[in-house]
There are 2 protein chains.
Amino acid sequence: MDAFACPLPPGGAATVLLGHGGGGSLSQQLIDQLLVPAFGPADGVLHDAAVLPAEEGPLAFTTDAYVVRPLQFPGGDIGSLAVFGTVNDLAMVGATAIALSLSLILEEGLPMPVLHQVVASIRLAAQRCGVPVVTGDTKVVERGKGDGIYINTAGIGRVDHGLVIGPKAVRSGDSILVSGDLGRHGVAILAARQELGFRTELHSDLAPLQEPVQALLAAGLELHCMRDLTRGGLASALHEIGRGAGLGVLVRENAIPIAPEVDAACELLGLDPLAMANEGRFVLFLPAAEAKRALELLRRFEPSAAIIGSVQGDSVLLENSLGLNRRLELGRGEQLPRIC
Amino acid sequence: MDAFACPLPPGGAATVLLGHGGGGSLSQQLIDQLLVPAFGPADGVLHDAAVLPAEEGPLAFTTDAYVVRPLQFPGGDIGSLAVFGTVNDLAMVGATAIALSLSLILEEGLPMPVLHQVVASIRLAAQRCGVPVVTGDTKVVERGKGDGIYINTAGIGRVDHGLVIGPKAVRSGDSILVSGDLGRHGVAILAARQELGFRTELHSDLAPLQEPVQALLAAGLELHCMRDLTRGGLASALHEIGRGAGLGVLVRENAIPIAPEVDAACELLGLDPLAMANEGRFVLFLPAAEAKRALELLRRFEPSAAIIGSVQGDSVLLENSLGLNRRLELGRGEQLPRIC
């Protein structure tokens, strides 16, 4: 993994200073030399709020804070995570991101090249999703009151389908699919923290999910519910959706795709791969009759996508290879802090 | 000033734990016991993104991070600040807030009553502005990697006027008004940090600005530019707007309203009241012919509102009581960190 490296404008501070968050000339420098070149506006004049053109349909709105540790990991960094994570939350209601906000909480003493690298990564990720960063903010906290960079993004999305997508739309008998194999992000973070005890070439699955979701919508599939499998992984998502729907689910353990390296790492560390975080995977609920078509579409984007079970009963159950069912436990949440 | 005090649900943790940010059952508890009761939705089912009904006109979009220290200060707390601050940024383009996002970065060990109090304050402030909190996120960082609570809010606003409000709309000859006396927020924060060396009854000016702005719009005034006078205060705002407009301003020092207690505190500590932060004051640029009507309207909300100068020349100048002009300096920004 490369160290952060990024050319700096001449004459600037080598690290982030408290004054960069103070609203004076240092703040202005940061805006002029880093943020305006990265995100526009073209005329370089910023205002308190961005004004967006009128949209015809309903809008989606979401936000996430990102506190991932370390800032850079195999397959991404806090910057790309902050863009794709929010774009993906919009995708989960079938929306296409049209505008992002970007808010930075920087720790005094952060090396300026790290900040430049993260901003460059945000810019690239936003370009890849075709979404502009239209408004932002920067605060600085004293040394020891942060951990380098925390990022918050919020996103507005365009909803141009007529479906109601969410837990309430889930029906008994629905098929349950995952868009790819699980747990890569969590293991990649552990590797980056050198907590694995062995080397792995595994990368985070971090990726934007707009395209597969738009493909599902374009195919006219009746999407009932989607959720990206971040903190808490598949286990949390199944519990939350089941609870919201007032229904149970049964998933087959050996239908759930998990890469051997992920399985090995989880085994070694006593972690549950079904509770591991992903940043480019989602679970999909839709009528059983449409499951095969959805799977074909999802596999164009990620060959490991799979049908893993169905909606039935009133508990969240896991069927093992012997055909025995057990409850899928919802962890308390300490398994892996600061994963996103 | 009262200490934070708020009843807790029975059986909950006394402080914030890392697991509250982990996406498992502790996260779910926090959502169920604190966030859903405070902000809805009515059916208690949360999804990755909120879907908002279609709007006819253009939309405004803004975000801010809040890292104010201490969390509570005379006249407000980080919660009310995070709501009014974002509502005010929307108001500065003449927009009315229609939806807020709320993202919390909590430090492990934060006493749960403090969190409950801040959430209650957010709820009250949002109710006062008539805007729902529709989406959110909670992350937890380890003890020593935060400072209690950092908040990020983003806001969407409805724009239902035909004006282009911003620095580019400022014209030579425009009058410049402030909506009230300056520097109260900064001094209130200093007092709360016990850095003043004397006691003061002074409260922050923290307040929502939607109403005065809507009154100005309803009166049909040709608003050219507005900016709320937060970090960097009037000095930063005049520099930024002047630069964006490509014009200078001349303000009369003794026309700028400053409360005697603020003046005294600034004198004592060697601070510039014109660079002090406000959280319920804005500067307004509009045609000179409309200045008197605007002033009358503003004084209905805050009697200390004043006409302070006009747009002319190409520098930001301050005229003293002897009629002599000097450049109004833009501070570097270290004057008072973590004011908002």
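The values are calculated or read from the model by the stated rules, or taken from the named source; none is laboratory data. The shown structure was predicted, so the numbers you read here are calculated from the model rather than taken from an experiment. Please note: Cβ atoms are built from the backbone with ideal geometry, for glycine as well, and neighbour counts cover all protein chains shown. In case anyone asks, the SASA skips ligands and DNA or RNA and just uses the protein heavy atoms, side chains included. Shrake-Rupley method; radii C 1.70, N 1.55, O 1.52, S 1.80 Å.
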Practice prompt. Could you tell me whether any residue of segment B:251-269 is open to solvent by less than 50 Å² (accessible area, probe 1.4 Å) and within 14 Å of chain A (Cβ to nearest Cβ)?
Written response: no
The residue from B:Gly155, B:Gly148 that alone is on the phi > 0 side of the Ramachandran plot and at the interface with chain A (Cβ under 10 Å from one of its Cβ atoms) is B:Gly148
A:Asp32: passes all of (1) in contact with a His (Cβ under 8 Å, 6 or more places away or on another chain); (2) assigned to a helix (DSSP H, G or I) but (1)
Only unsatisfied item for B:Leu223, checking (1) in contact with a His (Cβ under 9 Å, 6 or more places away or on another chain); (2) open to solvent by 10 Å² or more (accessible area, probe 1.4 Å), is (2)
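Among the residues of segment B:300-319, is there at least one that is within 14 Å of another protein chain (Cβ to nearest Cβ) and either within 23 Å of B:Val187 (Cα to Cα) or of a type in the set (Val, Ile, Thr) (or both)?
yes
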Legend entry - Boolean, B:Gly162 is in contact with an Asp or Glu (Cβ under 9 Å, 6 or more places away or on another chain), at pLDDT below 95 and either more than 30 Å from B:Ser315 (Cα to Cα) or within 14 Å of chain A (Cβ to nearest Cβ) (or both): no
If we ask which residues in segment B:103-142 are closer than 15 Å to B:Ala82 by Cβ and away from chain A (no Cβ under 11 Å), their number turns out to be 16
Those residues of segment A:49-93 which are surrounded by fewer than 24 Cβ atoms within 10 Å (Cβ to Cβ) and closer than 30 Å to B:Gly162 by Cβ amount to A:Ala50, A:Val51, A:Leu52, A:Pro53, A:Ala54, A:Glu55, A:Glu56, A:Gly57, A:Pro58
Expected output for segment A:183-204 (first residue outside the structural domain of A:Ala82 (by TED's automatic domain parsing), partner open to solvent by 90 Å² or more (accessible area, probe 1.4 Å) and not in a helix (DSSP H, G or I), Cβ below 7 Å, 6+ apart or cross-chain) is A:Arg184/A:His203; A:Ala188/A:His203
Per the filter on segment B:168-182, residues under 21 Å from B:Pro337 (Cα atoms) and either free of Cβ contacts under 8 Å to residues at least 24 places away in the same chain or open to solvent by 30 Å² or more (accessible area, probe 1.4 Å) (or both) are none
Of those in segment B:95-146 that are among the charged types (D, E, K, R) and part of a helix (DSSP H, G or I), the residue farthest from B:Leu17 (Cα to Cα) is B:Arg128
Being touching a helix residue (DSSP H, G or I) at 6+ places or on another chain (Cβ under 8 Å) and either not assigned by TED's automatic domain parsing to the domain that holds A:Ser204 or not in a strand (DSSP E or B) (or both) narrows A:Val83, A:Val51 down to just A:Val83
